[in-house]
Structure formats: structure tokens, C-alpha cells
Amino acid sequence: MTTKRNTPWTADKVGSQQGRRVVITGANSGIGWEAALELARNGAEIVLPARTQAKAEDAIARIRRIVPQAKLIPEILDLADLSSVRAFAGRYVERFPGASLDLLINNAGVMGLPTRELTVDGFERQFGTNYLGPFALTALLLLSIKPQPGSRVVTVSSSASKWGKIDFSNLQGERVYKPMLQAYGQSKLADSVFALELQRRLTAIGSPILSTAAHPGYAITNLQTSGPGDSSGLVMRILSAVLKPIASQDSAHGALPTLFAAVAREATPGGYYGPDRFSEMKGHPVPVPIAKAAKDVAVAKRLWAESERLTGVSFGVLSAVG
């Protein structure tokens, strides 16, 4: 964190990750790749899933060119396909039985798809990929996370969550579909709601596992083109033209809030972290205000129940305390 009394939090403060196992979704590019690189550089074993084996292996090859000794495991995971989520979680549990995971980073996502698209399960693609997929993955891996201090679930949200509204009458964009202000904003607000509600439920059962969240600010990544559609709509072109020269940062700096949420001793239960400059668009990671709508407990409980119904995946004991 940046204060008058200490220096900015940078990647050299990640510290030793020896003996820690990490799953990072979307780590084949962008801030996910940068986070994987820094954690691998510091000794973590990374399970690195991508939508294809080739993409996972390419990401691993690029990390090993920088960190030859990196401990990396390629995997396949498509968060827009619940059968893929279940299959990945099943392979993980079979390979690493018991409580074997120190850190789960829900990072992968898509943004601003110009027209409404559906996942194979019939969900609006941004809501399905950015929220329902990570929700299900976390539930399926929860018992694999070590119940000890230091274990964390990190959910990568977005400053766009401040635009969002959880509209239970339009979760899938059936009535109204606006790529950014409605669909993307809602999906990222749902991530923020989830991160807080997960922490409430972990606290209620006395679990030492932390749920934290972060957003990268205006980081230059391939997020806009990571989905199946062209997302270079008018809003994104205007934002890019106006803000990129003065308020953007590269993927390495955009990954810092995620890394802070994942490993910093200063991170707190339910904490939310983002850049400290230009209205949270760039800079070093600090605690930042979470969207007011994310704090609505009634909405959180309803969204949790609806998410379990939609995905067919339950959090077990955590659901019982809702």
C-alpha cells in the first residue's frame, strides 16, 4: 500500500511462495499471465488452465523463458462451459487429493461483447464466463483449499462494477442487452458481491481462508478480444482514445492489485484492492472502495441461491449458513 510512511507495493514484495500451489484462471495472457509469472518467479507451483492445451502450453513456455525452473502444470478450462468447469475440478481433485490448494485466483473473463451471445449452458456469455463459471469453480475446489492462514480465494472484479446492477429480472440480458453498462457491469458487480458473501460465509464457520478481490484499473490487455466476439464498440474506442495516453498501465502493473490481494500480509478478509491514481485507473495497489451495491446482504444471499440453482453446484456447508 502507498502511504506517507511506506513505499509503494510492487512485485518485489511478493515474497517466497515456495511450497504453495496456485490455480489461476485466464493465466495464458494479460494480468493473469503476469500474476502467474511473478508467483512462479517466487517459487509457487502454478496450475495454469486455458481454453485449449496449446494456449496453456504456450503460456508456460513464455514463463519458462524467463523463469526456467518454474513449476507449471498446463490444464484445460472453459469457464463458459460448466461441463468443462466440472471436468477441470475433477481432474484437479484426482491429481491432488485432499486439501492441497493454497490459492485460487478467479481472473479469466470477457468484456463488452457487442451482441448478446449465449454459453453452451444457455447463459448470457459475460455473466456466464465472468461470474457463474468462477462461482461454480470455487464451489468445486473449496474442499481442496487448505483450511489454514494464508489460503485465499481472489476474485478479479472491475471498476465497471460501480456501473452495475444485479437485475434478477434480466440476469441473462433477455429483456435488455447493453454490452458494457449493463451486461459487463452486472457480471463484475456479481463478482464483487460474491467475494464479500464468500467471506461472510467463511467467517461464519470459523474458516481461516480469506476471500479477497481486486481490480486492475485501466490495464492494457487482450481482454477486449479474449471472447468470441469483436468488442471494439464505440464506448471502448472512445475510452481508449481519451484515456489510454494518460491513464493506462501495462499488464504487469495491472496485475499488482491481484498479487496484493493474493499474497500481501496487509490484505484483510473481504478486502478490495485497486490502483491508487487517476481514479483507480493506474498506479500501485491500495485498498479501494467496493461498489455500494456489492454490500447489499439481501441481494448477496439471493444471488448466491440463484447461482447455485443455475449452475447446479452447491457450496455445501457454506450454503447452510446463508
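The values are calculated or read from the model by the stated rules, or taken from the named source; none is laboratory data. Remember, it's a predicted structure, so these values are computed and weren't measured experimentally. Glycine gets a Cβ as well: all are built from the backbone with ideal geometry, and neighbour counts include every protein chain shown. Remember, those area values only see protein heavy atoms, side chains included, never the ligands or the DNA or RNA. Shrake-Rupley method; radii C 1.70, N 1.55, O 1.52, S 1.80 Å.
In segment 12-312, taking the dipole from charged Cβ atoms about the Cα centre, the farthest positive-side position among L259, S187, H284 is held by H284. Computed over the chain with a Gaussian network model linking Cα atoms closer than 10 Å, the most mobile of G185, G15, G128 is G15.
Segment 57-98: percent of C-alpha pairs farther apart than 14 Å? Each step should come with its number before you reach the end.
Working: 504 of 861 pairs.
Looking at segment 57-98, the distances longer than 14 Å represent 59 percent of pairs.
Would segment 99-148 count as rounded, prolate or oblate if I go by the C-alpha gyration tensor, calling it rounded below 1.5 in a/c and otherwise prolate when a/b exceeds b/c, oblate otherwise? Verdict is prolate for segment 99-148.
Taking each residue as 0.36 nm, the span from K295 to T115 lengthens on full extension beyond its C-alpha to C-alpha distance by 61.8 nm.
In debye, nearest 20: dipole of the chain around its Cα centre with unit charges on the Cβ of K, R (+) and D, E (-)?
Using Cβ point charges on Lys, Arg, Asp and Glu, the chain gives about 620 debye.
A probe of 1.4 angstrom, applied to the heavy atoms of all protein chains, finds R91 with accessible area near 90 square angstrom. Can you give me the Cα centroid spacing of segment 146-219 and segment 2-63 in angstrom? Segment 146-219 and segment 2-63 have Cα centres spaced 21 Å from each other.
I'd like the per residue volume of the convex hull spanned by the Cα atoms of segment 73-185, given in cubic angstrom.
Working: hull volume 12.8 nm³, N = 113.
In segment 73-185, the Cα convex hull volume per residue is 113 Å³.
Between V153, V23, V299, the Gaussian network model of the chain with springs among Cα atoms under 10 angstrom shows the greatest mean-square fluctuation at V299.
Give me the net charge of E197's neighbourhood, meaning all other residues with Cβ under 14 Å from the Cβ of E197; Lys, Arg count +1, Asp, Glu -1. Charge balance near E197 sits at +1. Considering only R265, R64, R86, the mean-square fluctuation computed in a Gaussian network model of the chain, springs between alpha carbons under 10 angstrom, is largest for R265.
Taking every alpha-carbon pair under 8 Å whose residues sit at least 6 apart, segment 12-312 reaches a relative contact order of 18 percent.
Ranked by accessible surface with a 1.4 Å probe, highest first, in what order do L101, L143 come? Walk me through the intermediate numbers first.
Working: L101 0, L143 155 Å².
The ranking, largest first, comes out as L143, L101.
Taking a ≥ b ≥ c as the square roots of the eigenvalues of the alpha-carbon gyration tensor, the chain is classed rounded because a/c is under 1.5. Oblate is the label for segment 244-297, because a/c, from the alpha-carbon gyration tensor with a ≥ b ≥ c as root eigenvalues, is 1.5 or above and a/b does not exceed b/c. Computed from the alpha carbon positions, the gyration tensor of segment 47-128 leads to an equivalent ellipsoid with semi-axes of 26, 18, 11 Å, biggest first. Estimated at 0.36 nm per residue, the fully extended path between D250 and K165 surpasses their Cα-Cα distance by 27.7 nm. Partner lysines whose Cα lies under 29 Å from the Cα of K282, excluding those fewer than 8 positions away in the same chain, are identified as K4, K13, K55, K162, K165, K178, K188, K244, K292, K295.
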